[in-house]
Every structure is written in C-alpha cells, then in structure tokens.
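A quick write-up on the structure given underneath.
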Amino acid sequence: MIERYSTKEMQFIWGEDHRLELFLEIEDAVIEAMVKTGDCPKSVFNRRKRNIKIDSKRINAIEKTTRHDILAFLEFLEEKKYIPSRYLHQGLTSSDILDTATALQMKESLEVLIPIAKLLDKALLSLAKKYKSLSIIGRTHNVYAEPTTLGLRFLNWHSEIHRSLLELIRSIKESAVGKISGAVGNYGNIPPKVEKFVFKKLGIKNELPATQIVARDRFARVICNAAIFVSALERAAVNIRLLHSTEIGEIKEGFSKGQKGSSAMPHKKNPVSSERISGIARLLRAYSVTALENIPLWLERDISHSSNERVILPDSMNLLHFIIKDFTRILNELQVDKVKIKQDLKSAGTFVFSGRLLTELMKKGFSRKKAYETIQKNVFSAKEKNSDLKEMILTKSEITKHFSRKELEKIFDLKDFLKHKDKIFRDYTSNLEKLK
C-alpha cells in the first residue's frame with residue numbers, strides 16, 4: 001500500500017519485519033510444545049538463543065538462492081544458531097507458519113480496527129440523535145419526495161454501516177485461524193497436541209480439518225464483507241457529495257483553515273474527502289474478485305493464491321483502517337445548513353403531501369385511480385399557476401366536501417406527518433447489537 005493511504009498501525013502489523021518476528025514466535029511455540037511431548041529436551045529449549053534480531057535484508061538475500069521464503073528464514077535461524085537445527089521446523093510445512101502468521105496478523109488488525117469502528121459508529125449515531133427532529137425534504141431520484149428528518153436519514157446510514165461492520169468484524173474473527181498439522185493437514189508428522197498447545201499460547205483457533213493450508217473462503221469472506229462495508233460508507237459519502245452540491249447545499253464537508261479547494265479557482269470548496277471514500281471503495285471492491293478466485297485451489301493446495309495475498313490482505317487492512325478514520329473525521333466536521341434546509345422544505349411546498357391526500361381520499365371511498373388522477377390534475381394546475389397544492393385543494397368542493405376543516409389541516413400538517421420518528425429511534429436503538 002502506498003504511504004498516502006497507509007496507517008502506522010497497519011504498516012507495522014503487515015510489515016515484513018513483524019511478519020518474520022511472528023514466524024519466529026510460531027516456531028518457538030512449536031518447539032516449546034515439543035518439550036511437552038518429549039520431542040525436545042527442556043535443557044536444549046532453555047538454551048535457545050532468545051534475542052535474535054530479525055534481519056529481513058539477510059533473509060531476502062538468502063531467498064534469492066532458495067527461492068523459498070520459509071526455507072530462507074530457517075537458514076537464517078541456523079546461521080544465528082537459534083537452536084540445533086534438528087529441533088527446528090520439525091514435522092511442519094511452510095504453510096503451517098505462513099497461514100498461522102497471517103491468522104495472527106488478522107487478529108492484530110481486528111484489535112486495531114474495533115476501537116475506531118466504535119468511534120465511527122458513535123459519531124454517526126450521535127448525528128442521527130442530534131438532528132432527529134430537524135425536518136428536511138426527502139428526495140427520491142434526487143427529486144422532492146416527502147418530508148423526513150435529517151436524523152432519520154443519518155439513522156438509515158447508521159443502520160447499513162453498523163450492520164456491515166458487524167459482519168466484517170465477525171469475518172475477520174473467523175479468518176484468524178491457523179494450522180500446525182503438516183503437509184496435507186492430517187498430522188502425519190506432528191501430533192495434534194502440538195497444534196493445541198501452540199494455538200492456546202497464541203490465542204487463535206485451528207483450521208479443522210485442514211489441507212496444506214487454511215481454506216481461502218475465510219479471507220474471501222473478509223474482503224467481500226470489507227467491500228460491502230465500504231460500499232455502505234460510499235453510499236453515505238455519495239449523498240454527502242450530492243447535498244454539498246451548489247444546487248442543494250444543505251450539508252457540506254468541513255473546510256479547515258488553510259485548506260484550498262482548487263488550484264485554479266480560489267472560490268471552490270469541493271467535497272474531496274467524500275470523493276476519496278468513493279475511490280478507495282472501488283479499489284476494495286476490486287480486491288473481492290481476486291479473493292473469491294483464491295477459493296478454488298487444487299486438491300490439498302496450490303500456490304496461486306500466495307502472490308496476490310501479499311498485496312490484497314495488507315492493502316485491505318490498511319485501506320479499511322484509513323477509510324474508517326477518514327469517514328469518521330468527515331462526520332465530525334460535517335456542516336449542516338439549517339437555513340438552507342428550511343428554505344428547501346418551504347420551496348417544496350405542500351405538494352409533498354400528495355401521497356397523504358391520496359391515502360385519505362381512498363379512505364373516503366375514492367378508487368385509487370380516481371383519487372390519483374384527481375390529485376395529479378390539481379398538482380399540475382397549481383404548479384402552472386404558481387400556486388400551492390393545499391390552497392388549490394381548498395377551492396375544490398369535490399374534495400373538500402369529504403373532509404372537515406380539521407381533517408384537511410391534518411393532511412398537510414408536517415408535525416403530524418413525522419409523528420412516528422421517536423418510535424423509529426426507540427425501536428432501532430433498543431435492538432442495536434454492540435460492536436465487539
């Protein structure tokens with residue numbers, strides 16, 4: 001991942017030096033388990049060279065000859081006289097180390113992601129609660145529809161993002177699975193008790209049954225869920241971009257001191273952060289295709305997944321960390337123009353209650369067709385005369401004779417139209433599953 005969209009935390013977790021340190025940690029745990037099984041003398045294990053400084057340059061140099069990363073790592077340990085080589089990597093295959101290290105990296109990544117995911121979740125829910133009662137014109141097809149509240153809009157975004165986060169977290173937990181079971185996963189050269197000891201020590205679970213590797217549906221599920229999650233973020237980001245536009249201007253991205261909007265036009269304040277969310281979301285969605293194609297490997301395994309995973313796994317975790325932090329900042333800096341919101345709601349007029357009038361006419365005995373055509377005719381007439389739907393309806397006895405004045409006022413009452421917002425909030429928040 002390029003520096004621009006990397007985070008220090010993920011760079012460390014997925015960095016080469018840390019990965020090699022995990023290799024050593026796993027090999028060390030296996031030998032400790034061998035002490036328990038009697039396959040390595042405790043005295044030999046206690047005399048091992050504990051403070052080996054990982055030298056990735058030297059290991060890479062060895063790999064130029066071996067053309068095998070784990071064998072290069074093992075030769076490096078032999079050079080450093082870590083432990084007599086007869087006790088090193090005994091009964092293991094390369095993927096026992098590689099996949100178990102990846103499991104640990106996924107576990108560490110989740111530990112970094114959960115706290116910031118909670119901050120994102122809290123920021124969006126706070127916005128929803130803050131603007132729960134701020135009436136706003138709803139738009140479908142980006143055309144005036146019916147009134148809603150800004151809080152309900154934010155709550156809907158929260159629902160989708162929260163649900164996606166839950167699935168993403170679950171899938172990352174399920175991907176933190178390793179194996180210490182040998183070349184085809186049947187413990188032919190190493191007893192299951194070694195794996196049990198190692199994974200208890202490392203705090204991860206084992207793949208059972210395994211082949212030479214952990215099944216790749218686990219990582220595909222992570223990246224596909226990541227793609228869904230960032231698509232949910234992008235939906236919110238795209239709507240911020242729409243609302244930020246000159247013609248609407250109800251909500252805008254924050255604009256910090258010293259920020260510049262355009263190299264050519266000093267007057268510009270562009271929604272560049274939300275546009276960046278869209279760009280990153282496209283990249284993560286593309287990675288899901290690669291991850292899915294890594295699932296159908298040959299028999300007990302082939303290596304076609306390995307090369308691309310060195311890219312898509314670190315990149316996906318980096319991008320997730322970056323995009324969650326970035327979108328949380330966008331939300332925290334969001335500017336809501338209440339005056340413009342009020343103006344647009346007023347501009348929409350009482351035409352936005354046409355659906356309510358349709359429902360009430362049907363209750364009074366109108367067929368749906370007749371009610372719809374009657375209202376549509378009056379809507380078009382009112383617009384041609386630059387009038388208001390309510391004013392037009394009040395002059396039409398074929399409609400007013402079916403209603404009392406109080407009933408007619410209620411049809412066009414914004415407060416009554418939005419009377420269920422509190423219940424929606426209560427019902428939603430009372431059943432909200434916590435991120436953990």
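The values are calculated or read from the model by the stated rules, or taken from the named source; none is laboratory data. Just so it is clear, the model here is predicted, and its values are computed rather than measured. So basically every Cβ, Gly included, is an ideal-geometry build from the backbone, and we count neighbours across all protein chains shown.
Could you count how many residues in segment 133-162 are in contact with an Asp or Glu (Cβ under 9 Å, 6 or more places away or on another chain) and outside any strand (DSSP E or B)?
Of the residues in segment 133-162, 5 are in contact with an Asp or Glu (Cβ under 9 Å, 6 or more places away or on another chain) and outside any strand (DSSP E or B).
Report, by residue number, each residue of segment 24-46 that is among the charged types (D, E, K, R), surrounded by fewer than 19 Cβ atoms within 10 Å (Cβ to Cβ) and in contact (Cβ under 8 Å) with a residue 24 or more places away in the chain.
Selection gives 25, 32, 36, 39.
Criterion first (surrounded by fewer than 20 Cβ atoms within 10 Å (Cβ to Cβ), free of Cβ contacts under 8 Å to residues at least 40 places away in the same chain and hydroxyl-bearing (Ser, Thr, Tyr)) does residue 273 satisfy it?
Here the answer is no, as residue 273 does not meet what is asked.
Within segment 418-436, which residues are closer than 14 Å to residue 128 by Cβ and among the polar types (S, T, N, Q)?
429
Quick one: how many residues across segment 59-98 are in contact with a Ser or Thr (Cβ under 9 Å, 6 or more places away or on another chain), more than 25 Å from residue 219 (Cβ to Cβ) and surrounded by fewer than 19 Cβ atoms within 10 Å (Cβ to Cβ)?
The qualifying residues number 2.
Taking segment 122-150 on its own, how many of its residues are crowded, with 18+ Cβ neighbours inside 10 Å and of a type in the set (Phe, Trp, Tyr)?
Residues meeting the conditions: 1.
Could you look through segment 374-383, keep only residues that are surrounded by 12 or more Cβ atoms within 10 Å (Cβ to Cβ) and under 45 Å from the mean Cα position of the chain (by Cα), and pick out the one that is modelled with the lowest pLDDT? Working first, answer last.
Applying the first criterion (surrounded by 12 or more Cβ atoms within 10 Å (Cβ to Cβ)) to segment 374-383 yields 374-379, 381-383.
Subset that is under 45 Å from the mean Cα position of the chain (by Cα): 375-376, 379, 383.
Values: 375: 94, 376: 94, 379: 93, 383: 90.
So, considering only residues that are surrounded by 12 or more Cβ atoms within 10 Å (Cβ to Cβ) and under 45 Å from the mean Cα position of the chain (by Cα), the one modelled with the lowest pLDDT is 383.
Report yes if residue 119 is assigned by TED's automatic domain parsing to the domain that holds residue 300, surrounded by fewer than 17 Cβ atoms within 10 Å (Cβ to Cβ), in a helix (DSSP H, G or I) and of a type in the set (A, V, I, L, M), otherwise no. Break it down stepwise before answering.
Values: assigned by TED's automatic domain parsing to the domain that holds residue 300: yes; surrounded by fewer than 17 Cβ atoms within 10 Å (Cβ to Cβ): yes; in a helix (DSSP H, G or I): yes; of a type in the set (A, V, I, L, M): yes.
Yes; evaluated as a whole, the condition is true for this residue.
Assuming residue 64 fulfils every condition listed in (1) in the same structural domain as residue 187 (by TED's automatic domain parsing); (2) part of a helix (DSSP H, G or I); (3) over 36 Å from the mean Cα position of the chain (by Cα) apart from one, which condition is it?
With (1) in the same structural domain as residue 187 (by TED's automatic domain parsing); (2) part of a helix (DSSP H, G or I); (3) over 36 Å from the mean Cα position of the chain (by Cα) applied to residue 64, the lone miss is (1).
In the list 312, 375, which residue meets the criterion of being in contact with a Ser or Thr (Cβ under 6 Å, 6 or more places away or on another chain), among the β-branched types (Val, Ile, Thr) and over 30 Å from residue 186 (Cα atoms)?
375
Could you list, in sequence order, all residues of segment 308-337 that are in a helix (DSSP H, G or I), more than 19 Å from the chain's Cα centre (by Cα) and within 25 Å of residue 161 (Cα to Cα)?
333, the sole residue that qualifies.
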